[in-house]
1. Quick check, is residue 67 more than 19 Å from residue 141 (Cα to Cα), among the β-branched types (Val, Ile, Thr) and in contact (Cβ under 8 Å) with a residue 40 or more places away in the chain?
2. Considering only the stretch 131-143, I want to know if a residue exists there that is over 23 Å from residue 52 (Cα atoms) and surrounded by fewer than 19 Cβ atoms within 10 Å (Cβ to Cβ).
3. For the stretch 84-122: of the residues being touching a residue at least 12 places away in the same chain (Cβ under 8 Å) and of a type in the set (Val, Ile, Thr), which is farthest from residue 21 (Cα to Cα)?
4. Please enumerate the residues belonging to the stretch 74-91 that are hydrophobic (A, V, I, L, M, F, W, C), in contact with a strand residue (DSSP E or B) (Cβ under 6 Å, 6 or more places away or on another chain) and part of a loop (DSSP other than H, G, I, E, B).
5. Quick one: in the stretch 50-73, of everything that is surrounded by 18 or more Cβ atoms within 10 Å (Cβ to Cβ) and part of a helix (DSSP H, G or I), which residue is nearest to the chain's Cα centre (by Cα)?
6. Does at least one position in the stretch 84-94 carry a residue that is modelled with pLDDT of 95 or more and closer than 18 Å to residue 43 by Cα?
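The values are calculated or read from the model by the stated rules, or taken from the named source; none is laboratory data. Keep in mind the model is a prediction, meaning the values are calculated, not measured. Note: ideal-geometry Cβ built from the backbone for every residue, glycine included; neighbour counts use all protein chains shown.
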Amino acid sequence: MKIVFILMLFFNLSFSNDRFKKIRHIVIDNEVGVIWQSFPSPKRYTWSEAKSYCDTLDYDGYTGWRVPHIDELMSLIDKSKYNLAIITNLIDITEQKNNFYWSDTEYADDTYNAWNVEFNYGFSLCFDYKGDKYYVLCVKDYN
């Protein structure tokens with residue numbers, strides 16, 4: 001009986017603190033408190049198109065999506081990786097890995113620009129003109 005209890009305690013502690021959990025086509029991020037799409041947008045959008053895409057998205061039966069804040073996107077970067085520097089393989093950006101992803105965070109000094117993230121090399125200190133076309137990985141708050 002003690003062995004069963006110890007094993008139950010071990011497995012509960014081992015798996016209860018996992019950051020990511022995939023359910024069908026969504027990925028729950030327990031650390032940041034959001035739900036991610038498991039696949040990014042199928043095409044590139046301007047910044048305003050990306051916002052519209054996420055706002056109207058019905059993904060895996062969920063609505064209420066938005067473009068992520070820059071800090072949410074940056075939380076997905078694994079700085080120890082290269083050639084796909086995303087922290088989890090549950091979010092599949094393999095086909096779009098050499099591309100930038102929009103955040104909803106505008107560049108403070110020039111609101112014609114917004115911050116974005118590139119997951120192949122894992123850098124995020126970029127901002128670009130909002131008319132440029134990049135992918136978007138929509139997110140929703142997890143309650």
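1. In short, no.
2. no
3. So the residue we want is 105.
4. In the first step, residues of the stretch 74-91 are kept if they are hydrophobic (A, V, I, L, M, F, W, C); the result is 74, 76-77, 84-87, 90-91.
Then drop every residue that is not in contact with a strand residue (DSSP E or B) (Cβ under 6 Å, 6 or more places away or on another chain), which leaves 74, 76, 85, 90-91.
Correct list: 76, 85, 90, 91.
5. Ranking the qualifying residues of the stretch 50-73, first place goes to 73.
6. no
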